[in-house]
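Okay, structure first, notes after.
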């Protein structure tokens, strides 16, 4: 987390991921393929934008490694 880092809502995350379903996002969290984020007292999930961007970067790096290995 960086100073001034924005907390993203689930709808914001889904929009940035191109419209995946909420169930897919929650399933990814359950199996460890997506950052856990923060669970608020009202049971809503939030994720710091910096965590989201770091996760996306790891996906890009993994894709790059797979592309070179082929």
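Of note:
- Restricting the range 1-16 to residues that are touching a residue at least 24 places away in the same chain (Cβ under 8 Å) and part of a helix (DSSP H, G or I), the residue that is farthest from residue 54 (Cα to Cα): 10
- Residues of the range 47-70 classified as part of a strand (DSSP E or B) and in contact with a helix residue (DSSP H, G or I) (Cβ under 8 Å, 6 or more places away or on another chain), total: 1
- Annotation for the range 34-44: no member residue is surrounded by 15 or more Cβ atoms within 10 Å (Cβ to Cβ), assigned to a helix (DSSP H, G or I) and at negative phi.
- Residues in the range 17-33 that are in a loop (DSSP other than H, G, I, E, B) and surrounded by 11 or more Cβ atoms within 10 Å (Cβ to Cβ): 17, 20, 33.
Every read-out reported here was derived from the displayed coordinates using simple, explicitly stated rules and does not represent laboratory data. Owing to the predicted nature of the structure, the values given are computational and were not obtained by experimental measurement. We place every Cβ from the backbone using ideal geometry, glycine too, and count neighbours over all the protein chains shown.
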